[in-house]
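Peer 1: Take a look at the following structure, please.
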Amino acid sequence: MKICVYGAGAVGGLIAAWLARSGHEVAVVARGVALEAIRAQGLRVRDGATGEARAHRVRADSDPARLGPQDYVIVAVKAQSLSGVAEGIGPLVGPGTSIITAMNGVPWWFFERLPFGGGKLRLESLDPNGRLARAMPTERIVGCVIHLAASTPEPGLVSHNVGRRLILGEPGGRNSLRTKNIASALSDAGFEVAVSDFIEREFWVKLLGNVSFNPVSALTVSLADGLIANKEVKAIMVEIMREVLAIGRAVGVDADIEPEARIDMARALGRFKTSMLQDLESGKHLEIDGLLAGTLEIARKAGVPAPCTQTLFGLIRARAMSTNQYQAMR
């Protein structure tokens, strides 16, 4: 298959490299030093356990127009970068192209096929003017929930630390051949792939950890295992998870998992640095609105109070603004 990965960071880079390794025609949209490194040395993946690194040749360009229409476009960027994807994705999308959203947080299409709101609700905090929905319409979407830990220690190099699980599904559970085909390709590439008939629930399970671990790790500059070991910090994260559980249930998305079990999922990944802490230390914009603003907008629409989550949103946004690392969705 012809597959383009939009965003060659830790997750996008790993997906692109492994798909290329398994024989697919893979391209990546990348910029700056990352693009230069990939063109010069290939897209390199280092095994976190053995330290062995291998290079994979992929076509890399900053201009999607030079890559042409694809069978699949895998969007693997942070939420604050999605407006740029909306501007550039057009040349990659042909009549039969499917778009995979491999990202953290609540996707902009979350309400499209939920009974709550009758498909008429939009997440203004994530897609203020509807540009994302127009550029990436729901009928092309396959959601992808990521359960792995990876980092980019240098441009063009992905360190795969632990995990390889991906959960795929189309909004509303109407899974078609587009989902089955990409699931098969990703499985053959080496990922542990599951197909869900309620992908919104899988996003919400992941969100429980994203909303708590990511901002708290950035505020405290702590690894995940340290947050779990600190009983006071863990208690705050559990309370945030309870609020997020209540928000989901109010709109018909029951994650059906207790906070302790969700913390066990993070514990299984071991001593890892969250993506938000990595971005903080690298001076990048933090993925705040994609995780917290969208969640709190859903809470308001459902009439569910979420004071701890609201406070966390204010704290991490203030922290990011102090170092010019906050970028509002546009």
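Peer 1: Taking the C-alpha atoms of the chain, how large are the radius of gyration and the largest Cα-Cα span, Dmax, in Å?
Peer 2: Both quantities, over Cα of the chain: 18.6, 53 Å.
Peer 1: From the protein chains alone at 1.4 Å, what is the descending order of accessible area for Glu112, Glu243, largest first?
Peer 2: Glu112, Glu243
Peer 1: Still on this structure: Subtract the Cα-Cα distance of Arg134 and Lys180 from 0.36 nm times their separation in residues, and report this length gain in nm to one decimal.
Peer 2: Extra length from Arg134 to Lys180 when fully extended: 14.1 nm.
Peer 1: How high is the relative contact order of the chain, given as a whole-number percent (alpha carbon pairs under 8 Å, six or more residues apart)?
Peer 2: The normalised contact order for the chain reaches 17 percent.
Peer 1: How would region 68-223 be classified by its alpha-carbon gyration tensor: rounded, prolate or oblate, with rounded meaning a/c under 1.5 and the a/b versus b/c comparison settling the rest?
Peer 2: rounded
Peer 1: I would also like to ask the following. For Lys273, which aspartates and glutamates qualify as cross-link partners when the Cα separation must be under 18 Å and same-chain residues fewer than eight apart are set aside?
Peer 2: Asp47, Glu154, Asp225, Asp264, Glu281, Glu287
Peer 1: Give the cross-link partners of Lys301 among the lysines, using a straight C-alpha distance below 19 Å as the criterion and excluding same-chain residues fewer than 8 apart.
Peer 2: The reachable lysines, counting only those whose Cα sits under 19 Å from Lys301, are Lys120.
Peer 1: Considering only DSSP beta bridges whose two residues both sit in the chain, what percent are antiparallel, to the nearest 5?
Peer 2: Looking only at bridges with both residues in the chain, the antiparallel portion is about 30 percent.
Peer 1: While we're on this one: Considering amide H positions built from the backbone, and no H for Pro or chain starts, which residues 5 or more places from Ala60, or on another chain, come under 5 Å of its amide H?
Peer 2: Val28
Peer 1: Follow-up. Give the long-range amide H neighbours of Phe272: residues separated by 5 or more places, or on another chain, with amide H under 5 Å away, using H modelled in the peptide plane at 1.01 Å from N.
Peer 2: Ala224, Asp225
Peer 1: Let me ask you something else. For Asp188 paired with Ala246, estimate the spin-label separation in nm (one decimal), with each label point 7 Å from Cα along the Cα-to-Cβ line.
Peer 2: With each label placed 7 Å out from Cα toward Cβ, I get 4.8 nm.
Peer 1: Would you tell me the accessible area of Ser125, worked out with a 1.4 angstrom probe on the heavy atoms of the protein chains, in Å² to the nearest 10?
Peer 2: Accessible area of Ser125: about 30 Å².
Peer 1: Once every DSSP H run of n ≥ 4 in the chain is given -39500 (n - 2.57) and the sum is divided by its residues, what mean residue ellipticity at 222 nm do you get, rounded to the nearest 500 deg cm²/dmol?
Peer 2: Helices in the chain give a 222 nm mean residue ellipticity of -12500 deg cm²/dmol.
Peer 1: For Val33, Val58, write out the residues from largest to smallest accessible area, computed with a 1.4 angstrom probe and no ligands counted.
Peer 2: Working: Val33 95, Val58 25 Å².
Output order, biggest surface exposure first: Val33, Val58.
Peer 1: Oh, and also: Using alpha-carbon positions, what is the distance between the centroids of region 1-75 and region 107-183, in Å?
Peer 2: 19 Å
Peer 1: Which of rounded, prolate, oblate describes region 73-113, given a ≥ b ≥ c as roots of the alpha-carbon gyration tensor eigenvalues and a/c under 1.5 marking rounded, otherwise prolate only if a/b is larger than b/c?
Peer 2: Oblate, since a/c reaches 1.5 and b/c is not below a/b.
Peer 1: Also, quick follow-up: Starting from the 7 Å offset along Cα-to-Cβ, what nm value, one decimal, do you get for the label separation of Thr220 and Glu52?
Peer 2: That separation, rounded to one decimal, is 3.7 nm.
Peer 1: Apply the a/c threshold of 1.5 to the C-alpha gyration tensor of region 190-330 and tell me whether it is rounded, prolate or oblate. Show your work: numbers first, answer last.
Peer 2: Working: a/c = 1.41, a/b = 1.15, b/c = 1.22.
Judged from the Cα gyration tensor, region 190-330 comes out rounded (a/c under 1.5).
Peer 1: Per residue of region 132-148, what does 6.51 cos²θ - 1.76 cosθ + 1.60 with θ = phi - 60° give for ³J(HN,Hα)? Whole Hz please, x for Gly and Pro, Karplus curve as stated.
Peer 2: Values per residue, Gly and Pro as x: 5, 5, 6, 6, 10, x, 4, 5, 9, 7, 10, x, 9, 9, 9, 10, 7 Hz.
Peer 1: What list of ³J(HN,Hα) values in whole Hz, one per residue of region 53-68 in order, does the Karplus curve 6.51 cos²θ - 1.76 cosθ + 1.60 (θ = phi - 60°) give from phi, with Gly and Pro shown as x?
Peer 2: 10, 10, 9, 10, 7, 9, 7, 10, 7, 8, 10, x, 4, 7, 9, x
Peer 1: Which value, in Å² and to the nearest 10, is the accessible area of Leu315 when all protein chains are kept and the probe is 1.4 Å?
Peer 2: Near enough 100 Å² of accessible area.
Peer 1: So for Asp71, Asp197, what's the accessible-area order with a 1.4 Å probe, most first?
Peer 2: Asp197, Asp71
The values are calculated or read from the model by the stated rules, or taken from the named source; none is laboratory data. Since the model is a prediction, treat every value here as computed from it, not as a measurement. All Cβ positions, glycine included, derive from the backbone under ideal geometry; neighbour counts span all protein chains shown. Quick note on the areas: whole protein, heavy atoms, side chains included, nothing else; ligands and nucleic acids left out. Shrake-Rupley method; radii C 1.70, N 1.55, O 1.52, S 1.80 Å.
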